[in-house]
Amino acid sequence: MDAITVAAVGSPMQAGRLRRLQALGVFCGVAAGAWLGGAEAPIKMVNSDVSPITISLIMVFGVFLARWSVPALLRGTSHVRHDVRQAPHLVIWAVLAGCMWAVANTLTIYAIRNVGLSIAFPLWNTNSLLGIFWGFLLFNELHYAGWKRWVGVLGGATGMFSGAALLALASSNQAAPGKAMLGVVAALGAGILWGTMYIPYRKAYLTGMNPLSFVTFFTAGELVTMTALAVGYRGAGPLWRELMSARALLFWLMLGGFVWVIGDLFQQYAAKYVGISRGIPLSNTNQLWGLLWGILVFHELEGGSHRIYAEVIGGSILTALGAVAIALSSATEREHSSWQDAAEREGQRYGIEGGYVRAGMEGREYEAGPSRRTWVDWVLIVGASGVFVVLAGVARVPRMEIHLGWAAAVTAAMLALLVSCGTVLWRTTRFK
């Protein structure tokens, strides 16, 4: 890379622009927490006769539809092709991340069934700790951060560990005999896979790729891996028969996948603008939303002792406070310059133009691309919408006690965050 290109990457960003992007990243992390938390709620509406592998497969189909139709609606697939021409190596990283997500998501199904939604969430959210480690080790995050920010990060990590321990203790009292340990191990295993999955995320966003482009290839790894797992575990014939017998529940599971994609897109922008060591912990406030859905809507822990409530609520709050402490330790200009050094290194390694890398870090377009949507975009948008409409027509609400008032209130709060954060994201970056 020549000296002119290096300078284009390494010159400092304007302080005002840096503050706006970091505030945007924090807002996206909060919105991500709400939507990632709501994504697991539809699983509670599926009876135990459907295997976890099949549930995860159906969710991935919903994820696949959302990951192609939402970017087509917001920017158009022509922008995806433009990003791939600039950084083709990231397609492989995106597919690898999708493979890891598919396995982790399957583990969460086992976790939810064995220890419940309000307990499983904080356990797998220990992925934040791995995100901090990889961000520091590989991408210069927290370098030159100062002792106050290090205290915030380390104190937050201690809080997250303590909260997870409280919830693991509560799970031994709430789960079915012999199942608590299986649920805890499954949730922690999902956290390890998700924590490592953030390495491709950060590689992509340091080198300038738009999150809306990255996720379209991410889902290829998800779908292929999950299909292979389901066919290998169940067999093609039994799997098909189970899908047909559960067709009245397909809508809810695919809806869960769709909602998860909305949360993940916000999480991607948070990782892009505040890094994985801060963005991921902030998005892991989804555990509080999981607690709201689990206790208020689905009546989890009903009839439990005061001790159980104290352990679950106290553990969730402690873990969330730890995540917030980490997230609010915002990057200084000096630390951000070390991010630029990591971006320069990534650009040199893969031969990416310095101007493209710089534009990505600043949340602006590198080159003016085509702005009109093509017939391919409209096929994706209409096709995905049609699938959900058809499945909604045959869906049924399972017989279970659901507090509809609380469900409406939590949903309204999620929609408010979607509109407000989406508006700020558009005004600041035009979804760049």
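If you go through the range 83-103 one residue at a time, how many are open to solvent by 20 Å² or more (accessible area, probe 1.4 Å) and part of a helix (DSSP H, G or I)?
Within the range 83-103, the subset open to solvent by 20 Å² or more (accessible area, probe 1.4 Å) is 84-86, 88-89, 91-93, 95-96, 99-100, 103.
Narrowing further to those that are part of a helix (DSSP H, G or I): 84-86, 91-93, 95-96, 99-100, 103.
So the count comes out to 11.
Just for the range 116-131: of the residues that are open to solvent by 10 Å² or more (accessible area, probe 1.4 Å) and in a helix (DSSP H, G or I), which one is modelled with the lowest pLDDT?
Leu129
Kindly evaluate Arg364 against the criterion of being in a loop (DSSP other than H, G, I, E, B), within 30 Å of Thr285 (Cα to Cα) and among the charged types (D, E, K, R).
yes
Among the residues of the range 36-45 satisfying the criterion of being surrounded by 24 or more Cβ atoms within 10 Å (Cβ to Cβ) and of a type in the set (A, V, I, L, M, F, W, C), which is modelled with the highest pLDDT?
Leu36
Take the residues of the range 378-407 that are part of a helix (DSSP H, G or I) and not hydrophobic (A, V, I, L, M, F, W, C): which is farthest from the chain's Cα centre (by Cα)?
Within the range 378-407, the match that is farthest from the chain's Cα centre (by Cα) is Gly393.
For residues that are open to solvent by 10 Å² or more (accessible area, probe 1.4 Å) and touching a residue at least 24 places away in the same chain (Cβ under 8 Å), scanning just the range 20-35, find the one that is nearest to Ala408 (Cα to Cα).
Ranking the candidates gives Trp35 first.
For the subset of the range 170-191 comprising residues that are modelled with pLDDT under 65 and at negative phi, which member is most open to solvent (accessible area, probe 1.4 Å)?
Residue satisfying both the conditions and the ranking: Pro177.
Only one of Leu282, Leu255 is out of contact with any His (no Cβ under 6 Å at 6 or more places or on another chain), surrounded by fewer than 24 Cβ atoms within 10 Å (Cβ to Cβ) and not in a loop (DSSP other than H, G, I, E, B); which?
The conditions single out Leu255.
Name the residues in the range 132-153 that are farther than 21 Å from Met197 by Cα and surrounded by fewer than 14 Cβ atoms within 10 Å (Cβ to Cβ), would you?
Matches in the range 132-153: Gly146, Trp147, Lys148, Trp150, Val151.
How many of the residues in the range 343-399 are open to solvent by less than 90 Å² (accessible area, probe 1.4 Å), farther than 29 Å from Gly62 by Cα and among the hydrophobic types (A, V, I, L, M, F, W, C)?
Going through the range 343-399 one residue at a time, the tally reaches 5.
Yes or no: the range 409-425 includes at least one residue that is open to solvent by 90 Å² or more (accessible area, probe 1.4 Å) and either in contact (Cβ under 8 Å) with a residue 12 or more places away in the chain or touching a helix residue (DSSP H, G or I) at 6+ places or on another chain (Cβ under 9 Å) (or both).
No, the conditions are met nowhere in the range 409-425.
The values are calculated or read from the model by the stated rules, or taken from the named source; none is laboratory data. Bear in mind the structure is a predicted one, so any value in this text is a computation, not a measurement. With ideal geometry, Cβ positions are generated from the backbone for all residues, glycine too; neighbour counts draw on all protein chains shown. The area values use the complete protein model at the heavy-atom level, side chains included, leaving out ligands, DNA and RNA. Shrake-Rupley method; radii C 1.70, N 1.55, O 1.52, S 1.80 Å.
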